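Laboratory data are not the source of any read-out in this text; all were calculated from the coordinates shown. From a predicted model like this one, the values you see are computed outputs, not experimental measurements. Every residue, glycine among them, receives a Cβ derived from its backbone with ideal geometry; neighbour counts consider all protein chains shown.
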Amino acid sequence: MKLVIGGNGFLGSRLVRQLVENGEHVRVLTRATSDLRTLAGLDFDHAIGDLFDADSVCTAMEGCDVVFHCAVDTRAWLRDPAPLYRTNVEGLRAVLDVAAGQPLRKFVFTSTAATIGRVKDRRATEDDAFNWSGAPDYVKSRVAAEDLLLARAREGSVPGVSMCVANTYGPGDWQPTPHGSFVAGAALGKLPFTIRGWCAESVGIDDAARALILAGERGRAGERYIVSDRSIDMSEITGIAAREAGRQPPRLALDRAALYAVGAVGSARATISREPVQLTVPSVKLMFFMSEMDHGKAERDLGWTPRPVTEAIAEGARFWVERRAARRP
C-alpha cells in the first residue's frame, strides 16, 4: 500500500493517477473539506485526517511501505508567513513524528528546486547548499522543511528522500498554479502580457510524478534529487500555449524592470489594504533567483528521464481549452 498525503493537489493527484494505473493499492489522506475533483474516477482508499492529528495520520500509514508527502502551502504572496511555516514545516514535523514509529521503506518528500543554491558559470546540483540572500518567507519555509526531513533521515528515524521539483506544467492544473495561470491565460486568450527574461527550471507534471514513484523504489535515504527538464523562458511557454490553442501569443512582453515596477505597486497595495496580493516585490524576486540546474543525479540514481517540458505545456493548454468547451451549454 502506498500513502499519498495531500493527494488531491496538482502533483499529488497525478501521482495518485500513475500509482493506480501501475496497479498499486493507494490510500490518499486529505482533510474532510478537500476538493477531490482531481481524483475523480480513480480507485483508491480515502482517509480523512489532518497533518496535526497524529491518530488519523497513524491510521492512514498502517499497512503502507511508502509515504509520499505532497501537502504544501504554496501561497508565496501571503503578507503573514505564519500559515506557510505551520503547514510546510510544523505540519511536516508532525507527520515525521508519526512516520518514525512506522516500518516504512521510503518517505518521499515533495520539496522545491528553490532549495538548491545559486551558482555562477555552471549548472547547480544537489550538492549546492541553499545560499539565497533575502529569500522570501515561502522559500525559507521550504528550506526549513527540507532541512528537517534530511536531518531525520541522517539520524535514521525516517528513510526520507527529498525531491526538488521545478515549476510543473501539464493537464489537471485546476487552480491553476501561479506559473500555470500563464498557460491558462494564453490558451484562453485572456493573457494581456507575457514576461521576457523569466527563465525558470520546469518539468512536465507527469514526469515529476514518475520521478517521485522512482524515488520510492530506488531513491537513497538522506539524498535530494533535482526534478526538472530544463530552464525555459515564460515568453516561450506562453507562445507554445497560445499556438496549441490556435491563438496569437500576447504581443506585450514585460521585462524584469517593468515587472519589478508592477510588483512595487502590488506591495504598496498590500500594505495599504492589508490584503494579500499575488504580484509583489518578493514574488517577482522569486521569479529571477534560481540558477539553471543539472538533473543528472536523478537520471543516474533513479533511472529517470523526462520528456521535453514543451510537450507538457502543450498538454496543459489543451486541458484548458477542453475544460472551457465542456462548460459551455
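Most fluctuating residue of Lys297, Lys106, Lys120 in a GNM of the chain with Cα springs under 10 Å: which is it?
Checking each option, the largest mean-square fluctuation is seen for Lys120.
Nearest 0.05, what FRET efficiency do Glu299 and Lys120 give at R0 = 35 Å with Cβ-Cβ as r?
Computed FRET efficiency for Glu299 and Lys120 comes out at 0.90.
As a test, work out the antiparallel percent of DSSP beta bridges whose residues both lie in the chain, rounded to the nearest 5.
Restricted to the chain, the bridges split so that about 10 percent are antiparallel.
What is the stretch 3-101's relative contact order, in percent, from Cα pairs under 8 angstrom and six or more apart in sequence?
Relative contact order of the stretch 3-101: 29 percent.
Which whole-number percentage describes the relative contact order of the chain, with Cα contacts under 8 Å and a sequence gap of 6 or more?
Rounded, it is 19 percent for the chain.
Build a GNM of the chain with springs between Cα atoms under 10 Å: which of Val89, Val20, Val161 gets the top mean-square fluctuation?
Result: Val20 has the largest fluctuation of those listed.
How big is the chain in terms of Cα radius of gyration and Dmax, in angstroms?
So, for the chain, Rg and Dmax equal 19.3, 58 Å respectively.
Let me know the number of lysine pairs in the chain closer than 27 Å at the Cα, not counting same-chain pairs under 8 apart.
10
Between Gln18, Gln248, Gln175, which gets the highest mean-square fluctuation from a Gaussian network model of the chain, Cα cutoff 10 Å?
Greatest mean-square fluctuation among the candidates belongs to Gln175.
Set Lys and Arg Cβ to +1 and Asp and Glu Cβ to -1, take the dipole of the stretch 57-199 about its Cα centre, and tell me which of Ala187, Gly63, Gly160 lies farthest positive.
Ala187
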